[in-house]
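J.: Mind having a look at this structure? Questions to follow.
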Amino acid sequence: MVGGGRGALIGAVHRIAAVMDGHAELVAGAFSSDAVRSKLSGADLLLDHARVYGSYREMAQAEAAMPKDRRLDFVVIVTPNHQHFEPASLFLKAGFNVVCDKPVTFDMAQARKLRTLVRRSGKVFVLTHNYTGNAMVKQARELVQDGTVGTVRKIVVEYPQGWLADAVERTGQKQASWRTDPKRCGAAGCMGDLGTHADNLARYITGLETEELCADLTTFVKGRRLDDDGNVLVRYKGGAKGVLHASQICVGDENNLNIRVYGTKASLEWHQEHPNELAVKFVDKPRQIWRRGNSYVGDEAKRFTRIPFGHPEAYLEAFGNIYREAFRAIAAEVEGRPIPKKLDFPTIDDGVKGMAFIDAVVRSSRLGARWVRPEAP
């Protein structure tokens, strides 16, 4: 693991998710840019002191020299955005598979360079857009793919939070500090952090790609350097229309990612805070609530369900599903077998599309909410 040491939020989530099914073990790490802090974090995790490193560069060199039966199978990068590209590139070049938190890089140029490197390396690259790991999100995608929804006409996807309604970053709160810093977060704040999840979720369920968009980004908290609220109109290829809203200043909202997909035959509605339920709505029938774990759900929803109905599966299990599917590819690569062609996890291509989304919304807003086309991924 690179990053994710003491005081980090997402590192612990990745550690739980990666070992959830007993298919992986954390054996090494450079957990902080501060060497002392990294060593302390490694001790917290009961790791062999010799495999806790002061920097990711030191780790890449030492682990690449390990005998094949001891060397790392993959590396997880859970640092702020500006520290994704360099370690991902270094470990790919050193011959390791890579799992990286989103957004994939600091900017579009880095994303394209990383994609080229991934393709040349032949290694597995996984991007953790974790919400697509939910079983009922997979069920929603199946209902689009099998024609139950009909032709998609409209997508409404929202991701409102309220935790940055005040200037929390000025209190020294670690997560708020880097997520509102353009030198560490990138060109977008709220839209880079939350809007990319909403965009990815809409693309995953419907299979539709953005043709052009019109964005209005706002910074409501005085003195903040990045957007904390955004509204986007989307025109999808094929004619569907969309509304995407993301915000960090919606007082009272916790983590309210939700999506509604409206088709010619039926509509779908899913809420992240109630992840085990999918609403299916028809023209001439009562609204149905489909629940995870039941016999009537599709094969993909069943494949990504661990426990019987009535026992909730949520955020950590969705993360775990991304890892479980990624391990099918990573195990094949490590063992020298062909990597399966049909895999269900976000890849470097999803990362490049996410950066194209960020770039487009920032450009559109700066141009006074003008319609723009995302750069060709």
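J.: Kindly list the number of the only condition in (1) free of Cβ contacts under 8 Å to residues at least 40 places away in the same chain; (2) surrounded by 16 or more Cβ atoms within 10 Å (Cβ to Cβ); (3) over 12 Å from M136 (Cβ atoms); (4) charged (D, E, K, R) that fails for E269.
T.: Exception for E269: condition (3).
J.: Just checking: which of the helices (runs of 4 or more DSSP H) contained wholly in region 287-377 hold 1 or more residues that are closer than 19 Å to H23 by Cα?
T.: Numbers: elements: 299-303, 315-335, 348-366.
Correct list: 299-303, 315-335.
J.: May I ask you to list the residues in region 14-51 that are more than 26 Å from the chain's Cα centre (by Cα), of a type outside the set (D, E) and either under 30 Å from G133 (Cα atoms) or in a loop (DSSP other than H, G, I, E, B) (or both)?
T.: L46, L47
J.: Can you name the condition, by its number, that Q272 falls short on among (1) over 24 Å from P182 (Cβ atoms); (2) touching a strand residue (DSSP E or B) at 6+ places or on another chain (Cβ under 6 Å)?
T.: Looking at each condition in turn, Q272 falls short on (2).
J.: Still on this structure, please answer the following. Can you confirm whether region 112-130 contains a residue that is touching a Ser or Thr at 6+ places or on another chain (Cβ under 8 Å) and over 30 Å from R337 (Cβ atoms)?
T.: no
J.: When you scan region 1-13, how many residues do you find that are surrounded by fewer than 17 Cβ atoms within 10 Å (Cβ to Cβ) and either at negative phi or within 17 Å of the chain's Cα centre (by Cα) (or both)?
T.: Applying the first criterion (surrounded by fewer than 17 Cβ atoms within 10 Å (Cβ to Cβ)) to region 1-13 yields 6-7, 9, 12.
Next cut, either at negative phi or within 17 Å of the chain's Cα centre (by Cα) (or both) only: 6, 9, 12.
Of the residues in that region, 3 qualify.
J.: Run down V261, V251 and say which single residue is part of a strand (DSSP E or B) and among the hydrophobic types (A, V, I, L, M, F, W, C). Show your work before the answer.
T.: Numbers: V251 fails: part of a strand (DSSP E or B).
Testing whether each residue is part of a strand (DSSP E or B) and among the hydrophobic types (A, V, I, L, M, F, W, C) leaves just V261.
J.: Please find, within region 225-240, the residue that is farthest from A376 (Cα to Cα) out of those that are of a type in the set (K, R) and assigned to a loop (DSSP other than H, G, I, E, B). Can you show your working first?
T.: Of all residues in region 225-240, those of a type in the set (K, R) come to 225, 235, 237.
From what's left, assigned to a loop (DSSP other than H, G, I, E, B): 225, 237.
Values: R225: 28, K237: 13 Å.
This residue is R225.
J.: Please count how many residues of region 153-188 are polar (S, T, N, Q) and under 23 Å from V232 (Cα atoms).
T.: From region 153-188, those polar (S, T, N, Q) are 161, 171, 173, 175, 177, 180; that's our starting set.
Those left that are additionally under 23 Å from V232 (Cα atoms): 161, 180.
So the count comes out to 2.
J.: Under 9 Å between Cβ atoms, which residue pairs at least 6 apart in sequence (or on different chains) link something in region 176-192 that is over 14 Å from A246 (Cβ atoms) and assigned by TED's automatic domain parsing to the domain that holds F220 with a partner that is outside any helix (DSSP H, G or I) and of a type in the set (V, I, T)?
T.: T180/V221; G186/T105
J.: Moving on to the next point. For region 328-348, name all the residues that are touching a residue at least 12 places away in the same chain (Cβ under 8 Å) and in contact with a helix residue (DSSP H, G or I) (Cβ under 7 Å, 6 or more places away or on another chain).
T.: I339, P340, L343, D344, F345, P346, I348
J.: Given the structure, is V156 at negative phi, outside any helix (DSSP H, G or I), aliphatic (A, V, I, L, M) and at pLDDT 95 or above? Walk me through how you get there before you give the answer.
T.: Values: at negative phi: yes; outside any helix (DSSP H, G or I): yes; aliphatic (A, V, I, L, M): yes; at pLDDT 95 or above: yes.
For V156, the condition - at negative phi, outside any helix (DSSP H, G or I), aliphatic (A, V, I, L, M) and at pLDDT 95 or above - is met.
J.: Here is a further query. Scan region 78-110 residue by residue and report those that are hydrophobic (A, V, I, L, M, F, W, C) and closer than 28 Å to E335 by Cβ. Walk me through it before giving the result.
T.: Taking region 78-110 first, the residues hydrophobic (A, V, I, L, M, F, W, C) are 78, 85, 88, 90-92, 94, 96, 98-100, 104, 106, 108-109.
Within region 78-110, V78, A88, L90, F91, L92, A94, F96, V98, V99, C100, V104 qualify.
J.: OK, next. Restricting to region 78-127, name every residue that is among the aliphatic types (A, V, I, L, M), surrounded by 24 or more Cβ atoms within 10 Å (Cβ to Cβ) and in a helix (DSSP H, G or I).
T.: A88, A111, L114
J.: A further question follows. Quick check on my filter: what residues within region 52-68 are in a helix (DSSP H, G or I) and buried (at least 17 other Cβ atoms within 10 Å of the Cβ)?
T.: The answer is Y56, M59, A60, E63.
The values are calculated or read from the model by the stated rules, or taken from the named source; none is laboratory data. These numbers come from a predicted model, not from an experiment. Every residue, glycine among them, receives a Cβ derived from its backbone with ideal geometry; neighbour counts consider all protein chains shown.
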